[in-house]
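Here is the structure we will look at.
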Amino acid sequence: MADNKEELGFDPSGVGIANGRYFGMPFPNDECPVVLVSVPWDATVSYSDGTSGGPEAMINASIQVDLYDEHLPSSPEFKIGTDETEIDMEQEGGRIKVYDYIKAINGEARTKACRIIDCLSEGKDLDKELRQMQEDVNQASAAVNYLTEQICAGYLRQGKIPGVVGGEHSVTFGAVKAAAESLPEGRKLGVLQFDAHADLRNAYEGFEHSHASIMFNILSKINNIGHLTQVGIRDFCFDEHDTIKREGRISAFTDSGIGEALAEGKTWKSICQEIVDTLPEDVYISFDIDGLDPSLCPNTGTPVPGGLGFQQAVYLLRMVASQRRIAGFDLCEVAPGENEWDANVGARLLHKMALFACFGGGDK
Ligand SMILES: [Mn+2]
C-alpha cells in the first residue's frame, strides 16, 4: 500500500499539493466513489456571514489532513473527488463553473438580504422595493437549490455518494431532494441532523429558504422523508419545540438530554444506538458544524455553548454508517476565521464522513 504512489499518481503519506481540490487529490471524479460539491452560499444568514468562504477554506485546510483512519486500513487509497461542474452562461460569454456562478449570485443576494434584515430588525414593514428584493433573494435561493439538486442527482445516478460542502445550512435542500428521489419506490429517507438549532421555522426573516427553515422545508416540501433525527440541539423557539412534539417524524436528542443521560451513567455507545435506531435503512447526514462544541467552530454564524465533542461526533458517524446505507451527506456553516482552525476541523470531519459513507464504519 505504501508503495502505490506511482499507481495512484499521488502520495497519500506525503505533503498534500494545493491543486484546488479537496485533500489535494488529483483523481478524475469518475474514479471517485464520493464527490464533494462546494456550494458557497450564505445570503440568508442572520447573525454573521462568512460561511460562503467555507468550501475554499476547507479545500486549503484539507491538504494537511492525514488520510489514514485506524478503523479503515485501506483509507489512504480512498479517492475523494471535487465537483467542477460547469454551466452555460450566455451573458458571461460562455461556460463557467457552478461554484463561481453561485459565488456571484450570493454576493448580490447577500447585499439585498442585509437591507431586508436591517429593516425587519427595526420593526418596520418592507416597502415595495424591499419586497422585490425579498423576491429576488428567494429566487436566487431556488436557483442554488436547483443546481445543487441537479449536480447531486447526477452523481447518484452514477452510483456515487455526493457530499455537499456549504455554505449556510439552506444548501442542504437540493442534496436531500436528490437523495430522496434516488430511492427505489416505497423506500423513505431518514435525515440525521447534527445541529445546535432545530431549523424548523416556517420561513425566517422573510426568506422562504432560510438557513433556520431548512428542516421545515425538507419535511414539508420533499415527498418521501421518513424520519428526521436531530442531535445536539440546544437553541430552539417555542414553535419549534411544539413541532418536534407534534410531528411524528421527528426525534430530537437535545444537548441537555444527552448531557443528563451521560451524567446519570448512560454510555455514549448506548445513546448512539438509540439515535441510529430511530432511522430507516437509507440515511442522509446533514452536519451543521455548530452542533459541535463552539471551541471547534468559533467563527460559525450562530455559535451556541454546549454541543458534541469531535470524537463523540465521529463515533456516532461511524456507528450510523456501519448500520445504515448513507445516501448523501453535507457539512454546513463552517466559516473561516483569522486562522485555519474552523476549516481544519471541518476538513477532518469531511474526510471522516466521506470515508464512512463509502465503507461503513470499518473494523479495527
Ligand atoms: Mn443548522
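Throughout, read-outs are computed from the coordinates displayed, never taken from laboratory work. Quick caveat: nothing in here was measured; it's all calculated off a predicted structure. All Cβ positions, even for glycine, are placed from backbone atoms using ideal geometry, and neighbour counts span all protein chains on display.
Between Ala143 and Gln64, what is the FRET efficiency for a Förster distance of 30 Å, r being their Cβ-Cβ separation, to the nearest 0.05?
Computed FRET efficiency for Ala143 and Gln64 comes out at 0.30.
Per the helix-only calculation at 222 nm, which mean residue ellipticity applies to the chain, given -39500 (n - 2.57) for every DSSP H run of n ≥ 4 and division by its residues, nearest 500 deg cm²/dmol?
Result for the chain: -13000 deg cm²/dmol, rounded to the nearest 500.
Rounded to the nearest 0.05, what FRET efficiency do Ala203 and Asp11 have when you use their Cβ-Cβ distance and R0 = 45 Å?
0.40
Between the stretch 128-157 and the stretch 9-41, how many Å separate their Cα centres?
26
Assign one of three labels to the chain, namely rounded, prolate or oblate, based on the Cα gyration tensor with a ≥ b ≥ c the square roots of its eigenvalues; rounded applies when a/c is under 1.5, prolate when it is not and a/b is larger than b/c, and oblate otherwise.
oblate
Calculate, for Lys266 and Gln91, the FRET efficiency according to 1/(1 + (r/R0)^6) with r their C-beta to C-beta distance and R0 45 Å; round to the nearest 0.05.
Efficiency at R0 = 45 Å is approximately 0.20.
Sticking with the crude label model, points 7 Å out along Cα→Cβ, report the distance from Glu77 to Glu181 in nm, one decimal please.
3.6
How far is the Cα center of the stretch 244-320 from the Cα center of the stretch 172-230, in Å?
Here the two parts' Cα centres lie 17 Å apart.
By average Cβ neighbour count within 10 Å, what is the ranking of 202-210, 103-111, 224-232 from highest down?
224-232, 202-210, 103-111
So how do 163-170, 124-131, 234-241 stack up, highest first, on mean other-Cβ count within 10 Å?
Ranking, from highest mean packing down: 163-170, 234-241, 124-131.
Long-range amide H contacts for Val191: which residues qualify at under 5 Å (H placed 1.01 Å from N, peptide plane, sequence gap of 5 or more or a different chain)?
Distant-sequence amide H within range of Val191: His227, Leu228, Thr229, Tyr284.
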